[in-house]
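Participant: The structure follows.
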Amino acid sequence: MTTADVDTEQYTALARLLDERWTCRQFRADPVSHEVIEKLLRVAQRTASWCNTQPWQVVVTEGSGTDRFREELLTHIQTATPEPDFAFPAQYTGVFRDRRRECGLRLYDSVGIGKGDREQTMRQALRNFALFDAPHVAIVTTEADLGVYGAVDCGLYIGNFLLGAQSLGLGAAPQAALASYAPFIRTYFGIPDNRRVVAGISFGYPDTEHPINSFRTSREDVDQVATWFTD
């Protein structure tokens, strides 16, 4: 295939979605219609998976269902110990630490939180469990027996969910923080014990006037992540 054979229109559309997508951390109260949510779920359902197992299952909240979950989750985390189904990173070192730090500093700077202000930093972290005031949240789970590959497939699903949301004019925030209270989430939504919580995704219409939605993260150049073997 030559450069001339590439469908530049489709490539440009995909590149634009990837470039414009960002993590929304403050939402408007307006609900997303059931029809639009179904469109989002249908496009995410086209995600590729290992042997086409499609291991993801999704719980989606609407209306008072979101509000009740938000309130009970916020109450639960006040006294509970995190119990994620998948171990969180043991540590961040080198370039991974640098990228994480850059993201955090830009986030805190956008809302005027100074370096070392632990009280305000913690307050902002708790916004995860208020779902950033989103009118909806999707809880993504995988089948326990599929192990890491089921989780990887769910990661692909989450990525496509985020792009689908962007294409529909929605904001979305993928949240590993929600998965840190996996037993509570399983019990609350009646999710079977054979399912493992991968992440939550808060979504809705973004509050574009809020300063926290003004910052963007950077990406490395391809030469920093790709190794070419030509011989």
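The values are calculated or read from the model by the stated rules, or taken from the named source; none is laboratory data. The structure presented is a predicted model; accordingly, all values stated were derived computationally and were not measured. Neighbour counts run over all protein chains shown; Cβ positions are idealised from the backbone, glycine included. Remember, those area values only see protein heavy atoms, side chains included, never the ligands or the DNA or RNA. Shrake-Rupley method; radii C 1.70, N 1.55, O 1.52, S 1.80 Å.
Participant: If you go through segment 180-196 one residue at a time, do you hit one that is of a type in the set (S, T, N, Q) and assigned to a helix (DSSP H, G or I)? Even if it seems obvious, please write down each step before you answer.
Facilitator: So in segment 180-196, the residues of a type in the set (S, T, N, Q) come out as 180, 187, 194.
From what's left, assigned to a helix (DSSP H, G or I): 187.
Yes; the residues of segment 180-196 include at least one that is of a type in the set (S, T, N, Q) and assigned to a helix (DSSP H, G or I).
Participant: Same structure again: Would you check which residues across segment 146-187 are among the polar types (S, T, N, Q) and more than 24 Å from E72 (Cα to Cα) and list them?
Facilitator: Selection gives N160, Q166, S167.
Participant: Can you say whether A199 is under 22 Å from R99 (Cβ atoms), among the aliphatic types (A, V, I, L, M) and in a helix (DSSP H, G or I), as far as the supplied structure shows?
Facilitator: Taking the combined requirement at face value, the residue does not satisfy it.
Participant: Yes or no: segment 19-31 includes at least one residue that is surrounded by fewer than 13 Cβ atoms within 10 Å (Cβ to Cβ), closer than 14 Å to L162 by Cβ and either in contact (Cβ under 8 Å) with a residue 60 or more places away in the chain or not polar (S, T, N, Q) (or both).
Facilitator: Yes - at least one qualifying residue is present in segment 19-31.
Participant: OK, next. Take segment 190-231 and flag every residue that is under 22 Å from the mean Cα position of the chain (by Cα) and among the hydrophobic types (A, V, I, L, M, F, W, C).
Facilitator: The answer is I191, V197, V198, A199, I201, F203, I212, F215.
Participant: Scan segment 207-228 residue by residue and report those that are of a type in the set (F, W, Y) and loosely packed, with under 11 Cβ neighbours inside 10 Å.
Facilitator: W228
Participant: If you don't mind, another one. Name the residues in segment 166-185 that are open to solvent by 30 Å² or more (accessible area, probe 1.4 Å) and not hydrophobic (A, V, I, L, M, F, W, C), would you?
Facilitator: Those that are open to solvent by 30 Å² or more (accessible area, probe 1.4 Å) and not hydrophobic (A, V, I, L, M, F, W, C): Q166, S167, G169, P174, P183.
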